[in-house]
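The values are calculated or read from the model by the stated rules, or taken from the named source; none is laboratory data. These numbers come from a predicted model, not from an experiment. Ideal geometry is used to build each Cβ from the backbone, glycine not excepted, and the neighbour counts take in all protein chains shown. Just the protein is used for accessible areas: all its heavy atoms, side chains included, with ligands, DNA and RNA removed. Shrake-Rupley method; radii C 1.70, N 1.55, O 1.52, S 1.80 Å.
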Amino acid sequence: MIRTAVPADVPVLYSMVRELALYEKALEEVRATEEQLREALFGERPAVYAYVAEDEGGEVVGFALWFLNFSTWRGVHGICLEDLYVRPEARGGGYGKALLRELARTCAERGYERLEWSVLDWNEPAIGFYRSLGAEPMSEWTVYRLTDGALERLGSGQG
């Protein structure tokens, strides 16, 4: 079952964010706190949204955390999927596909024309899964990021 996350889901969502970071070999990069996640999802002005996947017993076994983007070329919003994660013991049960299907349904329902995400180039199981759904890599595009000192320098006029 796929449903919209509720505040009571925050502890398990936070736990799975950390599990995902460990899988991606970047646990030390997680600075977010459970409270920050709660505020981002359920605060006065939510900036991100989440769907959760529950198994037959009602246990949350996966999630999709997303936010809106905008295409100036198409003139409409789209969804940027920040994280998609299914716990290892639940993989192969259709939860990842069901989460992506719910995101695609949301796009169709709201008139959004894109569903986009990033995947690590070494994550062959995920790449194969996404391709099986008809997703295509954006091979001509490279993601750039400013963080920490570089972001501070540029923002302060020093960069």
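Observations on the structure shown:
- If you go through the range 121-159 and keep only what is modelled with pLDDT under 90 and of a type in the set (Lys, Arg), you end up with just ARG145.
- If the condition is being among the hydroxyl-bearing types (Ser, Thr, Tyr) and open to solvent by 50 Å² or more (accessible area, probe 1.4 Å), then the range 1-14 contributes only THR4.
- Residue in the range 65-122 that is nearest to ARG38 (Cα to Cα), counting only those that are of a type in the set (S, T, N, Q) and touching a residue at least 40 places away in the same chain (Cβ under 8 Å): ASN69
- Residues of the range 118-151 that turn out to be out of contact with any Leu (no Cβ under 8 Å at 6 or more places or on another chain), open to solvent by less than 90 Å² (accessible area, probe 1.4 Å) and in a loop (DSSP other than H, G, I, E, B), as a count: 7
- Selection of the range 108-122 for residues being farther than 15 Å from TRP66 by Cα and touching an Asp or Glu at 6+ places or on another chain (Cβ under 9 Å) yields only LEU120.
- Residues in the range 132-159 that are closer than 30 Å to ALA98 by Cα and over 18 Å from the mean Cα position of the chain (by Cα): 6 in all.
- Taken over the range 53-100, the criterion of being among the aliphatic types (A, V, I, L, M) and either open to solvent by 60 Å² or more (accessible area, probe 1.4 Å) or under 11 Å from the mean Cα position of the chain (by Cα) (or both) is satisfied by ALA64, LEU65, LEU68, ILE79, LEU81, LEU84, LEU99, LEU100.
- Any chance ALA90 is of a type in the set (A, V, I, L, M, F, W, C) and out of contact with any strand residue (DSSP E or B) (no Cβ under 8 Å at 6 or more places or on another chain): no
- Among the residues examined, GLU24 qualifies as within 16 Å of the chain's Cα centre (by Cα), open to solvent by 40 Å² or more (accessible area, probe 1.4 Å) and either farther than 21 Å from LEU99 by Cβ or of a type in the set (D, E, K, R) (or both).
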